[in-house]
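Written below as structure tokens is the structure these notes are about.
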Amino acid sequence: MYTYKADSLIDLVEKTEPFTLEGVADKIKCPTLVCEAEDDHFFAGQPQQLYDALTCPKSYMKFTAYEGAGEHCHYGALLLFNHHLFNWLDHTLDLKEGTS
């Protein structure tokens, strides 16, 4: 709320609503990982929309309630999320030990 100088949660929602990747997502060129939490009540359906709009190399991971990672930001299974994220980074960046 401080960043947007919002006086209430409603005001914050109204001030952030115009921010979108619509018309911009196709300009992203770097490999992109899009993650979705099965039960995310904040951004339901948005990860799939972003993934579909991307034209760059892209990957999609859906985390489930069964895994304990179904909530927003995969809260409840952060170790699992980190494991998948860092594996994706290793594979995507193809990092070799001793190189920079």
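The charge dipole of region 1-42, taken about its Cα centre with unit charges on the Cβ atoms of Lys, Arg (+1), Asp and Glu (-1) only, comes to about 380 debye.
The portion of the accessible surface of the chain made up by carbon and sulfur, rounded to a whole percent, is 60 (1.4 Å probe; DNA, RNA and ligands excluded). Here's the picture: charge each Lys and Arg Cβ at +1 and each Asp and Glu Cβ at -1 in the chain, and of N82, A69, L54 the one pushed furthest to the positive end of that dipole is L54. In this rough spin-label picture, where each label sits 7 Å from Cα along the Cβ direction, the F86-L21 distance is 2.4 nm. For the chain, modelled as a GNM whose springs connect Cα atoms under 10 angstrom apart, the maximal fluctuation among D26, D11, D90 occurs at D11.
What is region 39-95 by shape, rounded, prolate or oblate, if you read a ≥ b ≥ c off the alpha carbon gyration tensor as root eigenvalues and call it rounded for a/c under 1.5, prolate for a/b larger than b/c, and oblate otherwise? It is oblate, given that a/c is not under 1.5 and a/b is not larger than b/c. Using only Cα positions of the chain, each an equal point scatterer, no hydration layer, compute I(q)/I(0) via Debye at q = 0.12, 0.15, 0.17 Å⁻¹ and quote the log10 values to two decimals. Values returned for q = 0.12, 0.15, 0.17 Å⁻¹ are -0.54, -0.80, -0.96. The GluC sites (Glu not before Pro) of region 1-62 that DSSP puts in a loop, and whose beta carbon has at most 11 other beta carbons within 10 Å, are E22. Computed over the chain, relative contact order equals 22 percent, with contacts defined as Cα pairs under 8 Å that lie 6+ residues apart. Cross-link partners of K15 among aspartates and glutamates, defined as those whose alpha carbon lies under 17 angstrom from its own and excluding same-chain residues fewer than eight positions apart: D7.
Rounded to the nearest 20, the size of the Cβ-charge dipole of region 18-86 about its Cα centre is 360 debye, with Lys and Arg at +1 and Asp and Glu at -1.
Suppose all protein chains stay in the model; what accessible area per residue would a 1.4 Å probe give for the chain, in Å²?
Details: 7710 Å² over 100 residues.
Per-residue value: 77 Å².
Put a dot 7 Å past the Cα of S8, heading toward its Cβ, do the same for H41, and the two dots end up 2.0 nm apart. Counted without the sites themselves, the longest stretch of the chain free of trypsin sites (Lys or Arg not before Pro) in a DSSP loop having at most 11 other beta carbon atoms within 10 Å is 30-95.
The values are calculated or read from the model by the stated rules, or taken from the named source; none is laboratory data. The model shown is predicted, which means the values in this text are computed figures rather than measured ones. Every residue, glycine among them, receives a Cβ derived from its backbone with ideal geometry; neighbour counts consider all protein chains shown. Protein only, heavy atoms only, side chains kept; ligands, DNA and RNA dropped before computing areas. Shrake-Rupley method; radii C 1.70, N 1.55, O 1.52, S 1.80 Å.
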